[in-house]
Amino acid sequence: MESTLTVLQVSLYHPTLGPVAFAKVPPQLQHDTSRLLVGRGQDTHIQLQLPQLSRHHLSLEPYLEKGSTLLAFCLKVLSRRSCVWVNGLPLRYLEQVPLSVVNRISFSGIQMVVRSEGGASLEAFVCYFRFSSSPLIHRPKAQETDEWENIVKKETSPASGEATHDLLGSPQGSSRTQTAVSSQALEEQQK
């Protein structure tokens, strides 16, 4: 008796290139349990026609969770140049995250939704691709870029005696500067 394969339903969308970006993506792809490469390189399993992509941009990596008889997947970022967003979480080079049943992934203008349907086979899985003419993911405008360097930190000069803060308002900089600011504030309260 043949065991059923795990199925990944993959929907793809690009706002300007549409089908041109996905011209070399097959409608269906059966793959063994090695990693599935995504990028613009000739040796990738899912080859996307976008010049800003790395040759190997990311990978979907199947694995077996302890105590489970179903394949699970994680996404690993292989690009040094850009960020990949997975369910709202930004990932950088060599960072990875386990995928859930439904995953919203975006990178370099591409929106990808991956739905996993478990199967009994531990030797292979199959991907079915669908190309969408409308956006798959709604994101706030602030997250539209995948360029990590565009995130600007709010800073003030440490020479002025003020602490610097990151985007979440947490203090940064030397502890000596922060201690000096705290000591000044304490002295002023005591006067």
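A short reminder: the numbers here are calculations on the coordinates, not readings from a lab. Here the structure is a predicted model, which is why all the values come from computation and not from measurement. Counting neighbours? That spans all protein chains shown, and the Cβs are built from the backbone with ideal geometry, glycine included.
Remarks
Okay, residues lined up against (1) more than 19 Å from residue 117 (Cβ to Cβ); (2) among the small types (Gly, Ala, Ser); (3) free of Cβ contacts under 8 Å to residues at least 40 places away in the same chain:
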| site | (1), (2), (3) |
| --- | --- |
| 16 | yes, no, no |
| 19 | yes, no, no |
| 42 | yes, no, yes |
| 58 | yes, no, no |
| 66 | yes, no, yes |
| 75 | no, no, yes |
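- Filtered residue count, the range 45-78, keeping only those that are more than 18 Å from the chain's Cα centre (by Cα) and among the hydroxyl-bearing types (Ser, Thr, Tyr): 3
- Residue identified as of a type in the set (Gly, Ala, Ser), surrounded by fewer than 17 Cβ atoms within 10 Å (Cβ to Cβ) and under 21 Å from residue 13 (Cβ atoms) among 118, 88: 88
- Residue list for the range 28-83, filter: part of a loop (DSSP other than H, G, I, E, B), polar (S, T, N, Q) and surrounded by fewer than 17 Cβ atoms within 10 Å (Cβ to Cβ): 33, 34, 42, 49, 52, 68, 69
- Selection within the range 10-23 - loosely packed, with under 15 Cβ neighbours inside 10 Å and among the polar types (S, T, N, Q): 16
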